[in-house]
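As structure tokens, the structure follows; a few thoughts come after it.
The values are calculated or read from the model by the stated rules, or taken from the named source; none is laboratory data. Note that this is a predicted model, so its numbers are computed, not measured. With ideal geometry, Cβ positions are generated from the backbone for all residues, glycine too; neighbour counts draw on all protein chains shown.
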Amino acid sequence: VIRVALPTGDLRRDTAALLDAAGLPIPDYAGGSRALRFPMLDGGATARVFREKDIPVQVALGNYDVGVCGLTWVEELTQRFPNHDVVRLCDLGYGSHGLWLAAAGDEAQASVRVVSEYPNIAETLARRLRLSRYRVFPVWGAAEAYPPEDADLVLISAQDAAGVEAHGLRPVARVFPGSAWLIANRRSMAAKDLSALLGPLLAHGRMPSRAPSVTPPDALTLRMAGEPPPRERLRLALPDGHAQSHTVAALQAAGVRVYGYEEGTVVRRPQIDVDGVEVKVVRPQDMPQHVAIGHFDLAITGRDWLFDHLVQFPSSPVLEVVDLGRSRYGLAAIVKDVPANTVAGAVEWWRSRSPAPIRVASEYPNIADHFARERQLGHYSVIPIAGASEGFVPEDAEILIEGIDTGSSVRANKLTVLDRFYESTNCVIANRRRPEGALGARLDAVVERLRSGAATPAAVQGG
Amino acid sequence: MLDTETQRSRGMRDLLPGEMDRVRAVEHAFAVACRAWGYREVRTPVIEPLHLFTSAGTLSPQTLDRVYSFLDWDGWSGERVVLRPDSTIPAARLYSGRLDGGRIAKLFYRQNVFRFGEDGSSREEWQCGAELIGDTGGTGDVDLIALALAALEGMKLEPAVRLSHAGIVRAVLGAAGMTPDEQARAYDRLLDGDEGVIDDVESRLPQLNAPLRLLFEVDGEGAAYIENVRSGLAGSVPALVPALDELALVVKTLEAMGARPSIHAALARSFEYYSGIVMEFDAAGRRVGAGGRYDGLVELVGGKRVPASGFALYVDPLVELMPEPDWPPRAEVRLAVVAASEAPEALAAAQAAAVQLRSARIHAEAVEGADTAPTHRLTCAADSPRYRLDGPNGEQTFDRIDDVARALEAS
């Protein structure tokens, strides 16, 4: 059976149209079905829907023979792992966008800060540009919101220069031309008959003379900024996405109003009705690191993301200062079709069947790694994923480390929770090094207000 | 990625006892030569901050693409660390931070570097290197080359030295109007045998009165070649003169010492951090070492501008090329000491005998290993006769361990 990885998200509609035109229609995929797996070629192939970012990883691992995704994600994998097993077959002619290096101004800190969802490409650019000192901050999203206070450069995806300028940024250069590509696993190409699928798809693709490569600008003209003056305003980070509604509730309970941060709206710099405080809205996953380096004094995030940060960086100075008690769920080890009810029992069963590493898939790669070490899984591999996680076990991973609340999704997908090992709620985090003077007093006042609105009496005072 | 048969990470090697003996023999010969030259041994950390290697003039982006860099516990700051991909840059850092008192530092090291190679090739390389940091001029270059040759001769090899000067290519490419980045790329193309780069440079230098191929396609055999290059090209590329002068001084000195260096326009790949003489060492037709002058490096890693040069010998090819080493020396008398029975008194007698014999500088093993190959066997009992010695001279019995030692020394 040929295994095909198809994208959800922006490329879904065009990919469905391509399959249709190639005589390989998947009506449910085209219709936006929430199902994750679809039969193809009268059972000769099976398609699985992934977040686009996960597709090169899945094809490289050999879990899928063929995939469709933006070439930028393939390049992101290539820059970190040049020996991976993905073959670029052809440009599918849609999903065109570019990766742009952009700045807010023309100054940079001595250690240039680069923020991007594409940290590996950003690292390559920094090396190629011969930046003598730089720091690349990977983010899950909202990279464009970071300059100028929290980044000197960003590497973002945009249609064109106008798309970059729309974020208030100065385009420096387009460094990679992205579009949807057909890719395949090298070993599958070498030894497995994929022709029933490749033939029709290749006929609809465009063969470029050469796959594009990352091209840095000839030079980067950034002046070295002087030491910034001490900040007078407290900087608070609020989350977007699923966490936003819980945060809105927590702020309301604390009597704090943030204009432009109502549920369903995304304004990156909303106004808060607390004097001397400024707010930026970013992804909750990215907050701990930016609190650690001092970009934000306070942030409201999930304790799960703080945990993920701290198991990766045990010496980080970030800590939880208030448990807001909302957005409550647990992190659990989830399996499917495994005749065991403990992790140890499951490991024993997998080991009896195969010497291959136990694959642990998770949106929390550092927690997954921590879990695997703590539970002594032995030979294991962590597969970072961006979403559509419930479809991973048992085909694409043995264990899924995932957040669960009521368990309805677990039951609906006939999954088994082996070990619920961590409880998460939303919380306020801060740097262990409390700011001095008026800024410190302001921080204490904001923390106290947020604590007063916490949903449970279990507000935690950080040390 | 694991090699499933050996459970090793790809590109990593185990060394068995015999291989390790050869490695130690190479390192020992190197250390003996270095100490005779007045060098002192240092060791730098396996993990260094990545930014040490990213400044322009240190490692090229192409080399940096192949390093093991990662975020450690302190990676929340955004700063990456790296498994040492080079030992000269850490030595320059060590000098600038710990030793920079205006004095000449003569340092040597025996340590590993890590770089991703092509599939299957080793990603961990052991090197024996020497760094001479301080204002020593051409004398320092000659002294380093002499040290490298002596170390290789100490390994019973017949080394050859190849020399160049980074200023030669830099002068020609600079005269052709190339920026430092373009020069680095053109230099790599030259080393890759891309002749198009010579045509490109010639087209940019209409004032040339001799073909550049004289420089890039002829490997010189001594000072005479340098004078030929000087007469052909120095008039149209005046910046060549200082480089040719420095090279001529070193070559003529080595020739006066009896060495026969060959001369090349372009040599080692690490073009960017070399600023003067560049050297390579061959033995039995294989490259076994390289180095050069890097006057700007100490400043680039945060120190003062201090002239410096150094070289590294590559342990892997040397281990293969070095004739059967006589180091570590193998004892002529190798004694297996065993107990006559499993009784605690007999076992204690055997252990005590082994300790006493070792203090008499006799090689004694109370547990026989696969490689012991004993020449004698001593069986120990609690009662008289306490020691029975079996060896080439037959069987002897003793009650005193001193008598055993004397009998072994006599044998």
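Quick notes on this structure:
- Of the helices (runs of 4 or more DSSP H) entirely within the stretch B:107-199, those holding at least 1 residues that are modelled with pLDDT of 85 or more occupy B:137-154, B:166-175.
- Residue satisfying condition, being touching an Asp or Glu at 6+ places or on another chain (Cβ under 9 Å), under 22 Å from A:ILE383 (Cβ atoms) and modelled with pLDDT of 95 or more, within set A:VAL282, A:VAL338, A:VAL291: A:VAL338
- Close pairs (6 angstrom Cβ cut-off, 6 or more residues apart or separate chains): within 9 Å of another protein chain (Cβ to nearest Cβ) in the stretch A:128-141, small (Gly, Ala, Ser) anywhere: A:ARG130/B:ALA56; A:SER132/B:SER55; A:ARG133/A:SER111; A:TYR134/A:ALA126; A:ARG135/A:SER111; A:ARG135/B:GLY78; A:VAL136/A:ALA122; A:PHE137/B:GLY78
- All positions within the stretch A:107-116 that are assigned to a loop (DSSP other than H, G, I, E, B) and not polar (S, T, N, Q): A:ALA110
This table checks each residue for (1) part of a strand (DSSP E or B); (2) surrounded by fewer than 13 Cβ atoms within 10 Å (Cβ to Cβ); (3) in contact (Cβ under 8 Å) with a residue 24 or more places away in the chain.
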| site | (1), (2), (3) |
| --- | --- |
| B:ALA350 | no, no, yes |
| B:ALA354 | no, no, no |
| B:ALA370 | no, yes, no |
| B:PRO374 | no, no, yes |
| B:THR379 | yes, no, yes |
| B:ASP390 | yes, no, no |
| B:GLN396 | yes, no, no |
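- Filter result (of a type in the set (Val, Ile, Thr), over 19 Å from A:GLU374 (Cα atoms) and within 14 Å of chain B (Cβ to nearest Cβ)) within the stretch A:305-350: A:VAL318
- Complete set of residues in the stretch B:39-60 that are more than 10 Å from chain A (Cβ to nearest Cβ) and either in contact with a helix residue (DSSP H, G or I) (Cβ under 6 Å, 6 or more places away or on another chain) or of a type in the set (Asp, Glu) (or both): B:GLU41, B:THR44, B:GLU48
- Test: residue in the stretch B:296-305 that is outside any helix (DSSP H, G or I), on the phi > 0 side of the Ramachandran plot and touching a Lys or Arg at 6+ places or on another chain (Cβ under 9 Å): yes
- The residues of the stretch B:264-287 that are buried (at least 24 other Cβ atoms within 10 Å of the Cβ) and assigned to a strand (DSSP E or B), listed by number, are B:ILE277, B:VAL278, B:MET279, B:PHE281.
- Within the stretch B:1-60, the set of residues being at pLDDT 95 or above, in a loop (DSSP other than H, G, I, E, B) and β-branched (Val, Ile, Thr) comprises B:VAL42, B:THR44, B:VAL46.
- Within the stretch A:101-127, considering residues that are closer than 30 Å to A:LEU19 by Cβ and more than 14 Å from chain B (Cβ to nearest Cβ), the one surrounded by the fewest Cβ atoms within 10 Å (Cβ to Cβ): A:GLU117
- Positions within the stretch B:94-108 being surrounded by 19 or more Cβ atoms within 10 Å (Cβ to Cβ), of a type outside the set (D, E, K, R), touching a residue at least 40 places away in the same chain (Cβ under 8 Å) and out of contact with any Ser or Thr (no Cβ under 6 Å at 6 or more places or on another chain), in sequence order: B:TYR95, B:SER96, B:LEU107, B:PHE108
- Residue match in the stretch A:96-103 (condition: of a type outside the set (S, T, N, Q) and outside any strand (DSSP E or B)): no
- Residue in the stretch B:231-238 that is among the polar types (S, T, N, Q), surrounded by fewer than 19 Cβ atoms within 10 Å (Cβ to Cβ) and in a helix (DSSP H, G or I) present: yes
- Selection of the stretch A:225-239 for residues being assigned to a strand (DSSP E or B) and in contact with a helix residue (DSSP H, G or I) (Cβ under 8 Å, 6 or more places away or on another chain) yields A:LEU234, A:LEU236, A:ALA237, A:LEU238, A:PRO239.
- One residue from A:SER389, A:SER408, A:SER352, A:SER381 being of a type in the set (S, T, N, Q) and within 24 Å of A:THR46 (Cα to Cα): A:SER389
- Scan of the stretch A:117-129 for residues that are part of a loop (DSSP other than H, G, I, E, B) and at pLDDT below 95, ordered by number: A:LEU129
- A:GLU262 modelled with pLDDT under 95 and of a type in the set (Asp, Glu): yes
- Evaluated against (1) buried (at least 23 other Cβ atoms within 10 Å of the Cβ); (2) more than 14 Å from chain B (Cβ to nearest Cβ); (3) within 20 Å of A:SER452 (Cα to Cα); (4) not polar (S, T, N, Q), A:PRO284 falls short on exactly one condition, (3).
The rows are residues; the columns are (1) among the β-branched types (Val, Ile, Thr); (2) surrounded by 15 or more Cβ atoms within 10 Å (Cβ to Cβ); (3) in contact with a Gly (Cβ under 9 Å, 6 or more places away or on another chain).
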| position | (1), (2), (3) |
| --- | --- |
| A:MET224 | no, no, no |
| A:PRO229 | no, no, no |
| A:LEU236 | no, yes, no |
| A:GLN252 | no, no, yes |
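- In the set (1) surrounded by fewer than 17 Cβ atoms within 10 Å (Cβ to Cβ); (2) within 9 Å of chain A (Cβ to nearest Cβ), B:GLY18 fails one condition alone, (2).
- Among the residues of the stretch A:288-304, those that are within 13 Å of chain B (Cβ to nearest Cβ) and over 19 Å from A:TYR261 (Cβ atoms) comprise A:PRO288, A:GLN289, A:ALA292, A:ILE293, A:GLY294.
- The stretch A:380-408 - residue that is hydroxyl-bearing (Ser, Thr, Tyr) and over 21 Å from the mean Cα position of the chain (by Cα) and, of those, nearest to A:ARG37 (Cα to Cα): A:SER408
- Of the residues contained in the stretch A:333-351, one or more are found to be under 22 Å from the mean Cα position of the chain (by Cα) and surrounded by 22 or more Cβ atoms within 10 Å (Cβ to Cβ).
- Any chance A:VAL279 is crowded, with 20+ Cβ neighbours inside 10 Å and either among the β-branched types (Val, Ile, Thr) or touching a strand residue (DSSP E or B) at 6+ places or on another chain (Cβ under 7 Å) (or both): yes
- Selection within the stretch B:61-112 - touching a helix residue (DSSP H, G or I) at 6+ places or on another chain (Cβ under 6 Å) and within 9 Å of another protein chain (Cβ to nearest Cβ): B:PRO61, B:LEU64, B:TRP76
- For the stretch B:61-84, a residue qualifies if it is in a helix (DSSP H, G or I) and crowded, with 20+ Cβ neighbours inside 10 Å, and the qualifying residues are B:LEU64, B:TRP76.
- Residues of the stretch B:311-344 satisfying the condition of being at pLDDT below 95 and of a type in the set (Phe, Trp, Tyr): B:TRP327
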